[in-house]
Amino acid sequence: MSGDIALARSILREACGDRVREWFPLAPLTTFRIGGPAALYLEPDGDADLVAVSAAIAQAEIPYAILGKGSNVLVPDAGFAGLVLRLGRGYRWTARAGEVLTVGASMPLPAFAGVALRHGLDGLAFGVAIPASVGGAVRMNAGAHGGQMSDVVEQVDVFLLDDGVRAYVEAADVGFGYRHTQLRRDAVVLGARCGLRETDPQRIRLAMDEAREWRRRTQPVAEPNCGSVFTNPPGAAAAALIDGVGLKGERIGGASVSTKHANFIIADPGSTAADVRALIDLIRDRVQAETGVRLVPEVRELGASDA
């Protein structure tokens with residue numbers, strides 16, 4: 001159900017002017033580079049914009065979704081019949097107080113890791129090769145190379161769309177888990193406070209170089225993909241399970257399982273979200289049938305739980 005898009009547009013345009021876009025293409029905002037447009041699209045630059053968003057959602061009863069860097073998102077071919085938000089440059093900033101770095105949510109995680117390096121602060125080197133915004137990384141507890149966001153996040157700054165207010169959530173109340181949190185669905189992550197530790201910058205730089213090289217060597221970084229498609233089940237690796245049932249290189253339409261890393265799906269030119277969705281289903285069904293393990297998708301289909 002799409003609600004009253006015209007009413008939502010009117011409310012948002014009164015507050016945000018022509019920054020509110022209609023039928024805005026989403027494919028370029030995702031690393032898959034596929035999918036349809038958003039009925040309404042806005043890049044909020046401050047809390048006043050989010051207050052207007054809160055009013056529009058409540059009064060027009062429209063679905064909404066929040067994009068970061070689009071690295072774990074599959075946009076349906078039909079697009080999204082609601083409002084898509086992507087935090088603007090007003091939420092891209094950092095500040096330091098001793099061994100604590102505070103950061104805005106639209107800052108790319110690799111860039112934030114670079115800021116920590118320049119300050120000689122350790123704890124974020126794992127993020128240098130993760131193509132996510134800080135907001136998205138916090139929301140999904142992104143991690144790699146033995147580190148994850150829950151290791152460093154002390155407090156999360158959010159805007160609660162249902163309530164129309166800003167709030168602060170202590171790390172203990174975020175509900176960090178493996179590639180997820182228990183943050184409210186309506187909580188737009190605005191920023192985070194991260195506790196780091198001073199160390200030799202050369203040591204940090206070496207760890208970051210190793211992370212970049214590992215990613216180049218093991219992942220299809222030059223081809224459109226969403227990152228890891230499935231989370232690793234307890235005691236196993238999703239890639240090994242997929243490879244073990246002979247699905248490396250499997251193709252549906254323009255989507256194929258990477259021959260470099262079996263937990264990646266490549267979206268070739270001309271591929272559709274339906275191709276990717278069908279391939280995800282095929283992988284999950286085959287792995288379950290042959291191993292008894294039901295893989296859990298890490299990629300989020302826009303609209304599947306946002307409407």
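Numerical summary
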item	result
Test for residue 279: is it on the phi < 0 side of the Ramachandran plot, assigned to a helix (DSSP H, G or I) and open to solvent by less than 20 Å² (accessible area, probe 1.4 Å)	yes
Residue, nearest to residue 304 (Cα to Cα), within the range 30-48, restricted to residues that are open to solvent by 10 Å² or more (accessible area, probe 1.4 Å) and in contact with a helix residue (DSSP H, G or I) (Cβ under 6 Å, 6 or more places away or on another chain)	35
Residue match in the range 71-81 (condition: small (Gly, Ala, Ser), more than 23 Å from the chain's Cα centre (by Cα), at pLDDT 95 or above and open to solvent by 50 Å² or more (accessible area, probe 1.4 Å))	no
Matching entry among 236, 274 (being farther than 19 Å from residue 108 by Cα, assigned to a loop (DSSP other than H, G, I, E, B) and open to solvent by 10 Å² or more (accessible area, probe 1.4 Å))	236
Which numbered condition residue 94 misses (of (1) more than 16 Å from the chain's Cα centre (by Cα); (2) crowded, with 16+ Cβ neighbours inside 10 Å; (3) in contact (Cβ under 8 Å) with a residue 24 or more places away in the chain)	(3)
Close pairs from the range 266-290: first among the hydroxyl-bearing types (Ser, Thr, Tyr), partner open to solvent by 60 Å² or more (accessible area, probe 1.4 Å) and modelled with pLDDT of 95 or more, Cβ under 6 Å, at least 6 apart	272/77
Subset tally (residues that are in a loop (DSSP other than H, G, I, E, B) and open to solvent by less than 60 Å² (accessible area, probe 1.4 Å)) for the range 293-307	7
Selected residue [under 23 Å from residue 159 (Cβ atoms) and either open to solvent by 70 Å² or more (accessible area, probe 1.4 Å) or hydroxyl-bearing (Ser, Thr, Tyr) (or both)] from 51, 20	51
Filter result for residue 230 (touching a helix residue (DSSP H, G or I) at 6+ places or on another chain (Cβ under 7 Å), buried (at least 19 other Cβ atoms within 10 Å of the Cβ) and touching a residue at least 40 places away in the same chain (Cβ under 8 Å))	yes
Residue that is most open to solvent (accessible area, probe 1.4 Å), among those in the range 137-155 that are farther than 16 Å from residue 227 by Cα and touching a Lys or Arg at 6+ places or on another chain (Cβ under 8 Å)	154
Filter result for residue 173 (more than 26 Å from residue 55 (Cβ to Cβ) and either over 16 Å from the mean Cα position of the chain (by Cα) or among the hydroxyl-bearing types (Ser, Thr, Tyr) (or both))	yes
Some residue of the range 248-259 being modelled with pLDDT under 95, at positive phi and open to solvent by less than 60 Å² (accessible area, probe 1.4 Å)	no
Per-region count, the range 82-91, residues buried (at least 21 other Cβ atoms within 10 Å of the Cβ) and assigned to a loop (DSSP other than H, G, I, E, B)	2
Test: residue in the range 245-265 that is within 30 Å of residue 186 (Cβ to Cβ), of a type in the set (A, V, I, L, M) and part of a strand (DSSP E or B)	yes
Unique residue being modelled with pLDDT of 95 or more, of a type in the set (Gly, Ala, Ser) and open to solvent by 30 Å² or more (accessible area, probe 1.4 Å) when the list is 58, 27	58
Residue within the range 106-122 that is in a helix (DSSP H, G or I), within 26 Å of residue 25 (Cα to Cα), open to solvent by 40 Å² or more (accessible area, probe 1.4 Å) and in contact (Cβ under 8 Å) with a residue 24 or more places away in the chain present	no
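This table checks each residue for (1) in contact with a strand residue (DSSP E or B) (Cβ under 8 Å, 6 or more places away or on another chain); (2) in a helix (DSSP H, G or I); (3) under 24 Å from residue 147 (Cβ atoms).
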residue	(1), (2), (3)
9	yes, yes, no
24	yes, no, no
32	yes, no, no
38	yes, no, no
71	no, no, yes
76	yes, no, no
101	yes, no, yes
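The values are calculated or read from the model by the stated rules, or taken from the named source; none is laboratory data. Just so we're clear, the structure is a prediction, and the values are computed from it rather than from any experiment. Ideal geometry is used to build each Cβ from the backbone, glycine not excepted, and the neighbour counts take in all protein chains shown. These accessible areas exclude ligands, DNA and RNA; they are computed on the full protein's heavy atoms, side chains included. Shrake-Rupley method; radii C 1.70, N 1.55, O 1.52, S 1.80 Å.
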